[in-house]
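> What follows is a structure written as structure tokens; I'll ask about it next.
The values are calculated or read from the model by the stated rules, or taken from the named source; none is laboratory data. All figures in this text were calculated on a predicted structure; none of them were measured in a lab. So basically every Cβ, Gly included, is an ideal-geometry build from the backbone, and we count neighbours across all protein chains shown.
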Amino acid sequence: MKRSPRKAAEKAAKPLPERRQKRVLREVMDELIDHVRDVSRGASEMGPSDLEYAQERLQWLADEIWRLALEGDDDSLG
């Protein structure tokens, strides 16, 4: 069964509801994922001080995610 172009356009025009809430938490989790990818790609070329900084940043991001998950953020109410 083929959809009409009009129905497809109407469906595409409707805004989809936000599936996920807690925007700040999601942003910090995305930052953590990016950081882990960057470290995994370049760890073999990193010096000791760079690795130490990467580990500290990883720990800070993990702690921030934990805090936001437990306490919530401004977006968690609506």
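> Looking at region 9-16, can you tell me whether even one residue there is under 27 Å from Leu68 (Cβ atoms) and modelled with pLDDT under 65?
Within region 9-16 (the criterion being under 27 Å from Leu68 (Cβ atoms) and modelled with pLDDT under 65), the answer is yes, since at least one residue qualifies.
> Another question, if that's okay. Please work out if Lys22 is at pLDDT below 95 and surrounded by fewer than 10 Cβ atoms within 10 Å (Cβ to Cβ).
Details: at pLDDT below 95: yes; surrounded by fewer than 10 Cβ atoms within 10 Å (Cβ to Cβ): no.
Spelling it out, it is not the case that Lys22 is at pLDDT below 95 and surrounded by fewer than 10 Cβ atoms within 10 Å (Cβ to Cβ).
> Go over the candidates Leu58, Leu77 one by one and state the one that is of a type in the set (A, V, I, L, M, F, W, C) and at pLDDT below 95. Talk me through it step by step, then tell me what you get.
On the way: Leu58 fails: at pLDDT below 95.
Only one candidate qualifies: Leu77.
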